[in-house]
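The structure appears below as structure tokens.
Taken together, the values in this text are just the output of simple stated rules run on the coordinates, not laboratory data. Because the structure is predicted, anything quoted here is derived from the model rather than measured. FYI the Cβ positions are ideal-geometry reconstructions off the backbone, even for glycines, and counts take in every protein chain you see.
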């Protein structure tokens with residue numbers, strides 16, 4: 001009965017037998033699913049791929065073949081590999097941000113835990129500034145003195 | 001006396017496998033060199049020669065090399081993982097991304113406690129995208145998240161999580 005044919009057998013215009021490898025995964029109510037997969041892999045290759053798998057894994061395999069075929073149809077050059085690249089780049093960016101944020105936390109934590117060290121660091125910075133000021137002042141005086149002799 | 005035809009250059013990997021004469025305008029020859037027999041063998045096993053040739057014709061010539069390499073990558077992934085292929089690798093990367101986003105959010109909250117400035121929580125210009133699959137083809141009929149939950153071949157997926165150009169072709 002033609003109405004009982006799966007999407008694959010309808011597309012391939014053949015009789016759909018009781019043990020058709022496609023029928024559980026390519027129902028007649030979704031013809032586009034088989035068309036996509038057939039366009040990229042070919043019916044014969046899909047059949048061989050599914051045959052090589054134990055029955056309890058074939059549904060997942062058919063789904064993943066369909067997703068990959070859709071990726072390839074949307075992006076004819078890179079297909080699903082384009083998504084992999086995109087994700088790798090996003091992961092790399094996220095990892096960098098995480099490392100940066102964790103470093104900032106470490107600095108903040110250190111400053112919070114050792115306020116004396118923080119004060120000492122601040123005092124040292126102030127001392128350096130004062131010395132610089134003195135040096136500049138002496139230099140200015142020297143310049144005035146030397147210019148006075150000229 | 002039989003005329004001596006000039007000896008043709010060696011056949012490409014495709015024509016060698018298909019046992020046919022490699023013509024000067026062979027569509028496979030530029031992309032499946034004779035020193036990379038396994039590359040075509042994998043692509044042929046998953047996609048089939050006639051499909052590959054149809055698929056190649058669809059794109060401009062300058063994009064064909066990338067297309068062939070991505071097909072080879074997908075074929076390799078499918079042969080290593082016949083159930084999930086590249087989709088398995090994508091599901092794994094997506095899970096890793098979700099985990100990273102979670103960790104980053106926690107780190108930012110922690111940092112905000114120290115800095116005590118509200119703008120420190122996820123408001124920077126270099127904010128990580130929260131929807132890694134914004135561009136995933138619509139109407140696929142199934143979400144990749146369902147693969148994340150059901151995946152049982154993930155132990156082999158780490159081999160796929162690598163830079164495209166690092167996959168050896170032999």
Practice problem: Over all alpha-carbon pairs of segment A:36-77, lay out the pair-distance distribution in 5 Å bins, whole %, shortest bin first. | Solution: 5, 26, 29, 23, 11, 4, 1
Exercise. Ignore the peptide's own chain and count Cβ atoms of other chains within 10 Å of each Cβ in A:90-103; give me the average, rounded.
Key: 6
Self-check item: Cα shape, segment B:18-93, gyration tensor, a/c 1.5 rule
Solution: prolate
Self-check item: Pairwise centroid distance, computed over Cα atoms, of segment B:46-60 with segment A:25-69, Å
Solution: 18
Practice problem: Starting with the highest mean, order B:20-26, A:69-75 by the number of other Cβ atoms within 10 Å, averaged over the residues of each peptide. | Solution: A:69-75, B:20-26
Quiz item: Can you work out the FRET efficiency for the pair residue A:20 and residue B:19, with r the C-beta to C-beta distance and R0 = 25 Å, to the nearest 0.05?
Solution: 0.20
Self-check item: Kirkwood hydrodynamic radius over Cα pairs of segment A:25-110, then Stokes diffusion coefficient at 10 °C and 1.306 mPa s, in µm²/s
Solution: 101
Quiz item: Counting only other chains, what is the mean number of Cβ atoms within 10 angstrom of the Cβ of each residue in peptide A:31-39?
Solution: 1
Quiz item: Distance in nm between label sites at residue A:57 and residue B:115, each 7 Å beyond Cα in the beta-carbon direction?
Solution: 4.8
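Considering every residue in B:45-58, what mean count of other chain Cβ atoms within 10 Å of its Cβ is obtained?
On the way: counts 3, 8, 5, 8, 1, 2, 7, 1, 0, 3, 5, 1, 0, 2.
Mean number of neighbouring Cβ atoms from other chains: 3.
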